[in-house]
Amino acid sequence: MGNDYRAIARKTDRPMWIWAGCALTSVLLLLGVGIVVAITLLNRDDESTGAELPDVWPSRTGQALRQVVMPTGEMVAALTGDTGAQVLCQVIPEQRWEEILGGRTLREAGGACHAVTAELDISAQMIAELPEDTSRGLPTKTTVAGKTAVVATSKDGTSLSVELVEVAPRNGASPVLNVSIRKRDLKPTETEAKARALAEALIAGATPPGPKLPKIGEVGGILYEKTAPGPIKDRPLPVISWLLCAELGRSLGVPADNAKPTFFAACELNGVTADYSELSSDVRATTSIAGLPAQVDERGVIVQLTGDPRGETLKFKGTGDLTALAEKAVPPLLGR
């Protein structure tokens, strides 16, 4: 049976309108609590919507992962940018990425290995030297996997750089691993811990026992080393140089022992230079060599190795019939 507010008012000598007001206040309070709960739930939904994996992957500027030859020893410091990105994305298995980062992880290559989870944005790449400054402030000296490192952490994330090989800056090598992790909600200490764990895993995967970098001279020269024939694709820069030397010798009909390779994927022998470039100016094709677009002029021969006229090229310059030389040398260098 419902409350008789008139009877209650008579017993307590309080006006009936006071009891009615109390009842109305209770209803409004309950309604207010309901609105607050609803807003909170909506906000949580909004946050979860903003923390999802991308629907389209690789991204517009990214590249899908492809099979590459994994480096050994110190050779990870001598890869081209594209190959280095592919290697860093793949030297540890997908499951290990997800264990370290705490969730499903998507990876793509480009200028760096780029990875995302629902909460993190990560990049890993090889760079020329330890940074003196980063977007997250001045780095602090530390060690990672027993190697010299610097770390900078802010509320936005962590940038960690580790020197894998001790070589002079600006000699063509990229001896420093940089791992950057950004996150809008994690505490800085959490991003730093993940950056350290990822760096340690990448170092172990990318530097199994193997050769050291060759000693690099003041102008980038290195000693010639005989190496097994094979394609130059995805090989470390000095190995590309040695392969170029060997093919120049074979095509010219002379021993390659007196060749002059450089660290920068180039070799000179008997007045002829062969030079590999990951990126180049536009190739304006005038003919084809080994079935590939090529530019031939008074400066030499440029063979376009991919469908991108600004992409990978082999350049030949010097004396003699360079077109005939390129026809001989290019197919073995491409693994044909």
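Checked against (1) surrounded by fewer than 24 Cβ atoms within 10 Å (Cβ to Cβ); (2) within 30 Å of P93 (Cα to Cα); (3) of a type outside the set (S, T, Y), A206 passes all but a single condition, namely (1).
Residue-by-condition table, conditions (1) crowded, with 16+ Cβ neighbours inside 10 Å; (2) in contact (Cβ under 8 Å) with a residue 40 or more places away in the chain; (3) over 26 Å from Q90 (Cα atoms); (4) in contact with a Gly (Cβ under 7 Å, 6 or more places away or on another chain):
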| residue | (1), (2), (3), (4) |
| --- | --- |
| P175 | yes, yes, no, no |
| K212 | no, yes, no, yes |
| K215 | no, no, yes, no |
| V239 | yes, yes, no, no |
| E247 | yes, yes, yes, no |
| R250 | no, yes, yes, no |
| V254 | no, no, yes, no |
| D257 | no, no, yes, no |
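With respect to the conditions (1) at pLDDT 95 or above; (2) assigned to a loop (DSSP other than H, G, I, E, B), D185 lacks only one, and its number is (1). A single entry from N171, N178 fulfils the requirement of being polar (S, T, N, Q), modelled with pLDDT of 95 or more and more than 17 Å from E119 (Cα to Cα): N178.
Listed here are the strands (runs of 3 or more DSSP E) enclosed by the stretch 51-136 that have at least 3 residues being over 25 Å from L164 (Cα atoms) and at pLDDT below 95, and there are none. You will find that of E200, E218, the residue that is at pLDDT below 95, on the phi < 0 side of the Ramachandran plot and acidic (D, E) is E218 and no other.
The set of residues in the stretch 124-171 being more than 17 Å from L213 (Cα to Cα), touching a Pro at 6+ places or on another chain (Cβ under 7 Å) and surrounded by fewer than 19 Cβ atoms within 10 Å (Cβ to Cβ) consists of P131, S154, K155. Of all residues assigned to the stretch 243-257, at least one qualifies as being in contact with a Leu (Cβ under 9 Å, 6 or more places away or on another chain) and acidic (D, E). Give just the number: which of (1) at pLDDT below 95; (2) within 30 Å of L244 (Cβ to Cβ); (3) buried (at least 21 other Cβ atoms within 10 Å of the Cβ) does T191 not satisfy? Against the list (1) at pLDDT below 95; (2) within 30 Å of L244 (Cβ to Cβ); (3) buried (at least 21 other Cβ atoms within 10 Å of the Cβ), T191 comes up short only on (2). Go through the residues of the stretch 137-150 one by one and say whether even a single one is in contact (Cβ under 8 Å) with a residue 40 or more places away in the chain, more than 19 Å from the chain's Cα centre (by Cα) and assigned to a loop (DSSP other than H, G, I, E, B). Yes, that holds for at least one residue. Condition check for K317 on (1) part of a strand (DSSP E or B); (2) within 22 Å of L79 (Cβ to Cβ): one failure, at (2).
Does Q63 meet the test of being in contact (Cβ under 8 Å) with a residue 60 or more places away in the chain, in contact with a strand residue (DSSP E or B) (Cβ under 7 Å, 6 or more places away or on another chain) and farther than 23 Å from K155 by Cβ? When the stated conditions are applied, Q63 does not pass them.
The values are calculated or read from the model by the stated rules, or taken from the named source; none is laboratory data. Since we're looking at a predicted model, the values are computed, not measured. Here Cβ is always computed from backbone atoms with ideal geometry, including for glycine, and neighbour counts include all displayed protein chains.
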